[in-house]
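*Asks:* After the structure tokens below, expect a handful of questions from me.
The values are calculated or read from the model by the stated rules, or taken from the named source; none is laboratory data. What you are looking at is a predicted structure, and each value in this text was computed from that prediction instead of being measured. FYI the Cβ positions are ideal-geometry reconstructions off the backbone, even for glycines, and counts take in every protein chain you see. To get the accessible areas, we keep the full protein, side chains included, count just its heavy atoms, and leave off ligands, DNA and RNA. Shrake-Rupley method; radii C 1.70, N 1.55, O 1.52, S 1.80 Å.
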Amino acid sequence: MTRDPFLQAAIDEARLGLNEGGIPIGSVLVHKGPILGRGQYLRVQLGDPLLHGEKSTFKHAGRQPAHVHRECVLYTTLSPCPMCSGTALLYKFRASSSPRTSMVLLVPPVGGGWEAMAAVLKATPTRKQLR
């Protein structure tokens, strides 16, 4: 059990995925307290290579106004891959947290897209580094 209720919610999503026979990666998208979306890595369960935990969460959160995206925080149980990091940058989520790597990705409030993405890719550990 973690002290952070949002991180615990992401861990709970990961456990749900594991119980369904999938890979235990979960995430939640939080907007000023309430959880807007929850998700888990569904590649195994649904055979969809794009439904990573974060992408599943974005889909579950549904359409939101741009100002809501800018005020959201994404909690995930593993550092986002380049695809999910790119999506977080595109929607300008404020931060992405991972308990395994203590990575926090701060998205610039205005622009900085490609430079910020390059910084994310350089900072994202490989699977080998995580072991």
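*Asks:* Among the residues of the stretch 32-45, write down those that are open to solvent by 40 Å² or more (accessible area, probe 1.4 Å), assigned to a strand (DSSP E or B) and not aliphatic (A, V, I, L, M).
*Replies:* 38
*Asks:* Here are 28, 73, 107: which of them is part of a loop (DSSP other than H, G, I, E, B) and either in contact with a helix residue (DSSP H, G or I) (Cβ under 6 Å, 6 or more places away or on another chain) or modelled with pLDDT under 90 (or both)? Walk me through how you get there before you give the answer.
*Replies:* Values: 28 fails: part of a loop (DSSP other than H, G, I, E, B); 73 fails: part of a loop (DSSP other than H, G, I, E, B).
So the residue among 28, 73, 107 that is part of a loop (DSSP other than H, G, I, E, B) and either in contact with a helix residue (DSSP H, G or I) (Cβ under 6 Å, 6 or more places away or on another chain) or modelled with pLDDT under 90 (or both) is 107.
*Asks:* Here's another thing I want to ask about it. Being basic (Lys, Arg) and touching a residue at least 24 places away in the same chain (Cβ under 8 Å) is the filter; apply it to the stretch 19-47 and report the residue that is nearest to residue 81 (Cα to Cα). Spell out the reasoning first.
*Replies:* Going residue by residue through the stretch 19-47, those that are basic (Lys, Arg) are 32, 38, 43.
Next, from what is left, pick out any that are touching a residue at least 24 places away in the same chain (Cβ under 8 Å): 32, 38.
Working: 32: 25, 38: 17 Å.
If we take residues in the stretch 19-47 being basic (Lys, Arg) and touching a residue at least 24 places away in the same chain (Cβ under 8 Å), then 38 is nearest to residue 81 (Cα to Cα).
*Asks:* Please state which of the following conditions residue 56 fails to meet, knowing it meets all the rest: (1) under 12 Å from the mean Cα position of the chain (by Cα); (2) over 21 Å from residue 20 (Cα atoms).
*Replies:* Going through the list (1) under 12 Å from the mean Cα position of the chain (by Cα); (2) over 21 Å from residue 20 (Cα atoms), residue 56 breaks only (2).
*Asks:* How many of the residues making up the stretch 9-53 are among the basic types (Lys, Arg) and closer than 19 Å to residue 72 by Cβ?
*Replies:* Just the residues of the stretch 9-53 that are among the basic types (Lys, Arg), to begin with: 15, 32, 38, 43.
Then keep just the ones that are closer than 19 Å to residue 72 by Cβ; that gives 32, 38.
Summing the residues that are among the basic types (Lys, Arg) and closer than 19 Å to residue 72 by Cβ in the stretch 9-53 gives 2.
*Asks:* Moving on. Search the stretch 1-18 for residues that are assigned to a helix (DSSP H, G or I) and modelled with pLDDT of 90 or more and pair each with any residue that is among the basic types (Lys, Arg) and surrounded by 15 or more Cβ atoms within 10 Å (Cβ to Cβ) when their beta-carbon atoms are under 8 Å apart and the residues are at least 6 apart or on different chains.
*Replies:* 9/38; 13/38
*Asks:* Let me ask something else about it. If you take the residues of the stretch 76-104 that are in a loop (DSSP other than H, G, I, E, B) and modelled with pLDDT under 65, which of them is most open to solvent (accessible area, probe 1.4 Å)? Before the answer, list the steps.
*Replies:* At the first step, the residues of the stretch 76-104 found to be in a loop (DSSP other than H, G, I, E, B) are 77-81, 92-94, 98-103.
If we keep only those that are modelled with pLDDT under 65 as well, we get 98-103.
Values: 98: 10, 99: 63, 100: 167, 101: 40, 102: 98, 103: 28 Å².
Filtering the stretch 76-104 for residues that are in a loop (DSSP other than H, G, I, E, B) and modelled with pLDDT under 65, the one most open to solvent (accessible area, probe 1.4 Å) comes out as 100.
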